[in-house]
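No value in this document is a laboratory result; all are computed from the given coordinates. Values in this document were obtained by computation on a predicted structure and should not be read as measured data. All Cβ positions, even for glycine, are placed from backbone atoms using ideal geometry, and neighbour counts span all protein chains on display.
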Amino acid sequence: MSSQSGKFFRGGSLRLAAFLCVTLFGAHGALAVPSYSRQTGLPCSACHYAPPELNAFGRKFKLEGYTFATKPEISEDKKDHTSALHLLEVLPLSAVFDTSFTSTKTPVPGTQNGSFEFPQAVSLFLAGAWGSHVGSFAQVTYDAQADHFSWDNTDIRAAGTNGKLFGKQLVYGLTMNNNPTVEDLWNSTPAWGFPFVSTNTAPSPTAGAIINGGLAQDVAGLGGYAMWNDHFYLVGTVYRSEHLGAPQPNDGTCCGFNIRGMAPYWRLAYQTTHGNHDFEIGTYGMHVKSTPGAITGPEDAYTDWAGDFQYNLTIPEWKNDVVSVRGTYIRENSSLVASVAAVPPTAGFVGHHLNTVQGEAEYHFGTRVATTIGLFSVTGTADPILYPQAPVTGNLNGSPNSRGYIFSVAWWPQQNIGLTAQYTGYTRFNGGSTNYDQAGRNANGNNSIYLMARFVF
Amino acid sequence: MNAKLWYLVVALFFICPSWLAAENDAASLFKSKCAMCHAEGGSGNTPSGKALKAKDLRSQETQSKSDAEISEVITKGRNKMPAFGQKLKPDQIQELVGYVRRLAKK
C-alpha cells in the first residue's frame with residue numbers, strides 16, 4: 001500500500017521495508033469498486049467470487065479496459081472532422097472505509113498491544129469508462145498512520161476488442177500503471193494476491209522479492225497486452241522510477257530504488273474453462289537495475305522469474321459454491337554491486353537469491369462467506385549485513401527465511417460490506433523460530449489476530 | 001537495449017488510437033455489448049458467458065421468443081443480464097433483435 005516506505009531505505013534494505021508494507025502483510029487496496037457496478041448495472045457478484053477475486057466476467061471486464069457499460073452516456077459519433085465522445089453521465093467515483101483491530105501474541109516491546117484503527121485506511125477511486133475504449137482503476141488512499149492521502153494502485157487501459165489473429169478473437173491494448181502485476185487478471189500474482197486484507201500494525205517478515213510489491217506505487221509503467229482466443233494472455237511493460245513526493249527530474253537521493261534505464265516486466269498466461277472448471281497457469285517476471293540513493297555509479301541488479309496457477313471449481317449441486325486454489329513461486333537472483341560498494345555497505349557480498357512460495361485454498365459459500373487457508377515461505381541467501389540483527393525486525397544470523405500460515409474468514413452480509421477475521425501464524429520469522437532477534441522474541445510472538453470491517457460505496 | 005526500449009515506449013504511445021472510435025452498426029453493437037458473454041456467434045460459449053450462464057442466442061429457446069420479448073430482455077435485462085434500455089436507443093435495440101435473428105441462420 002505504501003510506496004513511501006521505499007524512500008527511507010537503501011539498497012537491499014529497501015526490499016525489506018517495501019515487502020513489509022506492501023505484500024505479504026501489507027494492506028491491499030484491492031476490492032470490488034461500486035462505480036463499476038453503477039456503470040454496468042451488474043452486482044459485484046457478476047465480476048467477483050468474493051472481492052477482489054475476479055471470475056471470468058470480471059477478467060473480461062478488466063481486459064476490455066473497464067469500459068463495458070449499460071448506463072446512459074453523453075455521446076457523439078465520429079464524423080469527418082469530429083472526434084467521437086462517449087462520456088458516462090455520472091463521474092465514476094467510489095469510496096472505501098476500512099476499520100480494524102489487531103493484536104499480536106506477544107506485544108511489541110514498549111508498545112500497547114491491541115491496535116484499533118478507525119479508520120485503518122480510506123480509499124477514493126476514479127474507476128470506470130473514460131470513453132468507449134479507455135477506462136481506469138485509479139485509487140488514492142488515506143493511511144491513518146501516515147495521516148495523509150497518497151496515490152495508490154492505478155491501471156489505466158486503452159483496449160481494442162475487434163482484433164482477429166489466425167481467425168480467433170484478439171483483445172489488445174495498452175496499460176499505464178504504477179505497480180508490476182497490478183494489470184494482471186488473476187489473483188495468483190502479487191498485486192491482487194492473498195491475503196486480500198491485512199494488518200499494518202503487526203510485525204511482518206522483512207525479506208521479499210522485488211516483484212512482490214517492492215516497487216508498488218514507486219514506478220510508472222507503459223505496456224502492451226493481448227488476449228488471444230480467450231486463452232493466451234501476453235503482457236510486456238517497461239517501468240521507470242516515479243517517486244511520489246520527490247522532486248522531478250529524479251536525482252535519486254531520496255530513494256532506495258532508482259531504476260537505471262527501464263525495467264522490463266513480462267507476463268504470459270494460459271487460461272481455459274471447461275464446464276465448471278476454470279484454470280490458469282502462467283509465468284511472469286521482471287529485470288531491474290537500480291542504484292540506491294543515486295542515479296550514477298554501481299548498479300544492483302534483480303531478476304525475478306515467477307510461475308503461478310489458479311483453479312476455480314463451481315459446484316452447481318451446492319448452490320454454485322466455488323472452490324479456489326492458487327499458488328505462485330518467485331525466484332529472485334540479485335547482484336548487489338552497488339549495495340556492497342555503498343559506504344557503509346548495505347550488503348555483505350554480491351550474489352544473492354530469494355525463493356518465495358505462496359499458496360492458498362479457499363471455499364466460497366456463495367458470495368456471502370469465503371474461508372481461506374494460506375501457506376507461505378521465503379528462503380534465501382543469508383547475509384548479516386543485508387538482513388541485520390535488530391529487536392523485533394531483525395534477522396537471526398542474516399537469514400531471510402520465514403514461513404507460516406494464514407486462516408481467514410470473510411463474511412459479506414451485503415456485497416458492499418465485508419467483515420473479516422484473519423489469523424496469521426509463524427513457524428519461522430526472519431531466520432529463526434525462537435529468539436530470532438537475539439532480544440528474546442520468538443517467531444510465534446508475531447502471530448496476530450486481525451479483525452477488519454470494510455464499507456464500500 | 002535501453003534505446004530500443006525507449007523506441008518501443010514512444011511507438012506504443014502514438015500507435016494506438018485507431019481503435020478509439022466506436023461504431024454503431026448492429027454487428028459492432030453486438031460485439032461491444034453482447035459478445036463479451038454471448039460470444040460473437042451467439043453461442044454463449046465464452047468464459048464470461050459460462051460464469052454468468054448466458055443463453056445460447058441461436059437456440060430454439062431464444063429464437064422461439066417474439067421480437068417484442070427479445071426486445072424486452074435487452075431493454076430491461078433478465079437474471080444476470082443487465083438492462084440496456086438506458087444505454088441504447090430503441091432503434092439500436094431493434095437492430096440487435098434483428099441481429100439475434102440472423103445468428104440463428106448463420
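Would you list which lysines come within 18 Å of B:Lys4, measuring only between C-alpha atoms, while excluding same-chain residues fewer than 8 positions from it? Straight-distance partners of B:Lys4: A:Lys289.
For the protein assembly as shown, divide the Cα radius of gyration by the Kirkwood radius and give the resulting Rg/Rh value with two decimals.
Result: Rg/Rh = 0.99.
Under the definition of partner shielding as Cβ atoms of other protein chains within 10 Å of a residue Cβ, what is the mean value for peptide A:234-240?
Taking all residues of A:234-240 together, the mean is 2.
Between A:Thr283 and A:Lys164, full extension at 0.36 nm per residue minus the direct alpha carbon distance yields a gain of 40.4 nm. For A:Asp383, the residues whose modelled amide H falls within less than 5 Å of its own, excluding neighbours fewer than 5 places apart on the same chain, are A:Ser399. Annotation: extensible slack from A:Trp411 through A:Leu244 equals 56.6 nm (criterion: 0.36 nm per residue apart, minus Cα-Cα distance).
Taking packing as the residue-averaged number of other Cβ atoms within 10 angstrom, the listed peptides B:47-55, A:177-185 run from highest to lowest as A:177-185, B:47-55.
For A:Pro298, neighbours were defined as the other residues whose beta-carbon sits under 12 Å from its Cβ, and their charges (Lys and Arg +1, Asp and Glu -1) total 0. Taking a straight Cα-Cα cut-off under 26 Å and skipping sequence neighbours fewer than 8 places away in the same chain, the lysines within cross-link reach of A:Lys168 are A:Lys60, A:Lys62, B:Lys31, B:Lys33, B:Lys50, B:Lys53, B:Lys55, B:Lys105, B:Lys106. Estimated at 0.36 nm per residue, the fully extended path between A:Ala95 and A:Ile295 surpasses their Cα-Cα distance by 68.2 nm.
Would you be so kind as to identify which of A:Pro190, A:Ser100, A:Leu165 lies farthest towards the positive end of the dipole of segment A:88-240, taking Lys and Arg as +1 and Asp and Glu as -1 on Cβ and the Cα centre as origin? The residue sitting farthest along the positive end of the dipole is A:Leu165. Extending 7 Å from Cα along the Cβ direction at A:Ala439 and again at B:Arg101 yields two label points whose distance is 7.8 nm.
Other residues lying with their Cβ under 11 Å from the Cβ of A:Met262 contribute a combined charge of +4, Lys and Arg counting +1, Asp and Glu -1.
Restricting segment A:164-199 to chymotrypsin sites (Phe, Trp or Tyr not before Pro) that sit in a DSSP loop and have at most 15 other Cβ atoms within 10 Å of their own Cβ leaves A:Phe166. For the peptides A:295-305, A:207-217, the ranking by packing is A:207-217, A:295-305, with the highest mean count of neighbouring Cβ atoms within 10 Å listed first. Per-peptide packing, taken as the mean over residues of other Cβ atoms within 10 Å, places A:82-89, B:37-44, B:93-100 in the sequence B:37-44, B:93-100, A:82-89 from highest down.
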